[in-house]
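Colleague: Can you keep this structure in mind? I'll have questions shortly.
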Amino acid sequence: LDSETSMQILDIITKIAKRGKLVIMVTHSEKVASISSRIIKISDGLIIEDKKLEQLNLSVDNDKEVKKDKQNLSFIAAIKLALNNMKEKLVRNILVALGSSIGIASVIIMLSIGNGVETYITDTMKGFVNPLVIEVNQKVEDKGNNKFGPPAVVTELAKPFSETEINKLAKINNVEKVEKGFTVMGNFSNKISYNNKTETLQYLLTVSSNVTSKNIASGSFPKSKEIMISNGVARSLGKDIIVGKKVNIELMIGEKVVKEDFIVSAIYGDSSSAMFSNANYILINYNDLEALAKKNDYKLEPTTLYLVANDQKNVEDIKDTIEQMGYSGSKQEQILNMFMDMLDVITYVLAAIAGISLVVSSIMILVVLYISVVERTKEIGILKAIGARRKDIKRIFTAESFLIGLFSGTIGITI
């Protein structure tokens with residue numbers, strides 16, 4: 001050590017000796033040896049001199065019991081020492097903290113983006129349906145004899161609801177009313193025509209309380225003998241002029257094609273947020289569709305039911321009851337749940353990839369800690385020489401790691 005630090009250390013050792021502790025020093029320095037009260041010189045393993053010098057004036061009360069309790073280095077003291085040591089290597093510690101913060105920030109950002117996208121999609125979807133309405137569907141079976149399409153066309157044919165089933169669903173607790181609905185998917189025999197333009201319909205849907213005005217781009221809800229058309233249909237037939245105009249609907253009812261004129265009351269589905277914004281479909285009142293079927297000697301039976309709850313807090317309980325009864329919910333909701341599951345998997349994969357950088361940064365902290373130990377062997381020796389135990393030394397370096405991690409976390413969370 002330099003001369004000034006040497007005298008400080010010798011002063012500490014002298015004070016320890018004056019408290020009645022036996023201090024043994026091994027040194028080659030005559031200057032260091034001169035502060036001792038007894039000097040024993042050794043050469044080639046043999047004692048060649050043993051002389052006593054001026055005795056120290058002990059400042060210990062022999063009448064008092066000497067406490068033998070071991071003194072631990074407190075965590076606060078360790079933190080203070082660690083902070084002082086970190087100041088000596090300030091730039092290096094700042095770089096380590098920044099490197100570690102990147103890993104922490106990456107994990108947080110990936111999870112936050114996934115959660116944000118999921119929340120946005122969920123909120124958007126909920127904004128375009130009535131939160132009090134629960135859609136109920138039968139289990140779907142694949143058949144090719146759909147009454148609203150020719151046998152050659154294979155569509156998803158849902159089993160219709162009987163009056164017994166409708167009454168049973170109406171008796172579920174907290175259900176105010178049941179609305180009938182009809183849905184045809186995948187039947188390309190259904191068409192719409194306007195002004196010498198014809199478009200094939202991918203879907204045929206009925207209007208219910210589940211449809212909200214938020215999803216109406218222009219116009220209003222359909223009255224009797226009126227329909228709403230999708231954006232896809234509107235773009236093909238003339239979006240600017242078709243609202244309020246008469247169109248011709250061609251539907252396959254039973255075994256024959258039926259044509260009927262309807263007035264377009266609205267364009268349904270904002271292109272930026274609607275579930276089927278690019279699809280060709282129409283929404284028709286169930287009563288109009290039922291009357292059209294009856295007119296052609298065909299009894300229309302609902303393939304979809306809409307249960308209206310008395311309070312939004314009861315919606316989830318009603319959904320659970322419906323599932324227990326063996327029915328399925330909204331197809332859009334099922335698609336949404338599948339999408340959310342995939343989104344969760346993607347989010348976790350991205351977070352895991354980001355987590356690799358966190359592991360790397362943790363290893364970097366360990367490497368820096370190891371280098372710090374190697375660099376400070378003399379300091380460790382002095383601490384042990386004046387009474388520090390192995391776990392006290394360990395506590396100092398653990399405190400340094402804790403502080404680097406704390407700074408890294410703070411920076412990462414701030415980012």
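Colleague: Mind listing the phi-derived Karplus ³J(HN,Hα) values for segment 216-222, rounded to whole Hz, using 6.51, -1.76 and 1.60 with θ = phi - 60°, and x for any glycine or proline?
Modeller: Couplings: 9, 5, 7, x, 9, 4, x Hz.
Colleague: Is the C-alpha gyration tensor of segment 274-415 telling us rounded, prolate or oblate? Criteria: a/c under 1.5 is rounded; beyond that, a/b larger than b/c is prolate, otherwise oblate.
Modeller: Note, shape of segment 274-415 comes out prolate.
Colleague: Further question on the same structure: Using a 1.4 Å probe and ignoring any ligands, DNA or RNA, find the accessible area of K89 and quote it in Å² to the nearest 10.
Modeller: Approximately 90 Å² for this residue.
Colleague: Before rounding to the nearest 500, sum -39500 (n - 2.57) across all DSSP H runs of length at least 4 in the chain and divide by the residue total; then give [θ] at 222 nm in deg cm²/dmol.
Modeller: -15000 deg cm²/dmol
Colleague: Moving to a separate point now. Provide the net charge surrounding I284, with neighbours chosen by a C-beta distance below 11 Å and charges set as Lys +1, Arg +1, Asp -1, Glu -1.
Modeller: Residues close to I284 contribute a combined charge of -3.
Colleague: Could you work out how much longer the chain between K41 and S362 gets when fully extended? Use 0.36 nm per residue separation minus the Cα distance between them, nm to one decimal.
Modeller: Here the answer is 110.6 nm.
Colleague: Further question on the same structure: How much accessible area per residue does the chain have, counting only protein heavy atoms and a probe of 1.4 Å, in square angstrom?
Modeller: 61
Colleague: Report the gain in length on full extension from K313 to I371: 0.36 nm times residue separation, minus Cα-Cα distance, nm rounded to one decimal.
Modeller: Working it through step by step, the gained length comes to 15.0 nm.
Colleague: Quick one, which of [x] 88, 22, 17; [y] 45, 23, 19; [z] 45, 26, 17 is the actual semi-axes √(5λ) of the Cα gyration tensor in Å calculated for this model?
Modeller: For semi-axes √(5λ) of the Cα gyration tensor in Å, the calculated option is [x].
Colleague: Counting only protein chains, not ligands or nucleic acids, how are D317, D297 ordered by accessible area (probe 1.4 Å), most first?
Modeller: Largest accessible area first, the residues go D297, D317.
Colleague: What does the highest-first list of 393-400, 340-347 look like by mean Cβ count within 10 Å?
Modeller: 393-400, 340-347
Colleague: How many percent of the accessible area of the chain is carbon or sulfur, using a 1.4 Å probe?
Modeller: 56
Colleague: Next question. May I ask what percent, to the nearest 5, of DSSP beta bridges between residues of the chain are antiparallel?
Modeller: Looking only at bridges with both residues in the chain, the antiparallel portion is about 85 percent.
Colleague: Hey, which of these cross-link pairs are over 24 Å Cα-Cα: K21/K87; K225/K313; K18/K51; K294/K319; K177/K299; K21/K391?
Modeller: Exceeds cut-off: K21/K87; K225/K313; K294/K319.
Colleague: What does the charge count around A17 come to, taking other residues whose C-beta lies under 13 Å from its C-beta (Lys +1, Arg +1, Asp -1, Glu -1)?
Modeller: Overall, the nearby charge balance is +3.
Colleague: Please work out the FRET efficiency for the pair V258 and I415, using the Cβ-Cβ distance as r and a Förster radius of 45 Å; give the result to the nearest 0.05.
Modeller: About 0.10, to the nearest 0.05.
Colleague: OK, next. Relative contact order of the chain: what whole-number percent is it, with Cα pairs under 8 angstrom and at least 6 residues apart?
Modeller: That works out to 23 percent.
Colleague: Just report the Cα centroid separation between segment 174-238 and segment 305-379, whole Å.
Modeller: Segment 174-238 and segment 305-379 have Cα centres spaced 36 Å from each other.
The values are calculated or read from the model by the stated rules, or taken from the named source; none is laboratory data. What you see is a predicted model; the values in this text were computed from it and never measured. Virtual Cβ from ideal backbone geometry, glycine too; neighbours counted across all protein chains shown. The area values use the complete protein model at the heavy-atom level, side chains included, leaving out ligands, DNA and RNA. Shrake-Rupley method; radii C 1.70, N 1.55, O 1.52, S 1.80 Å.
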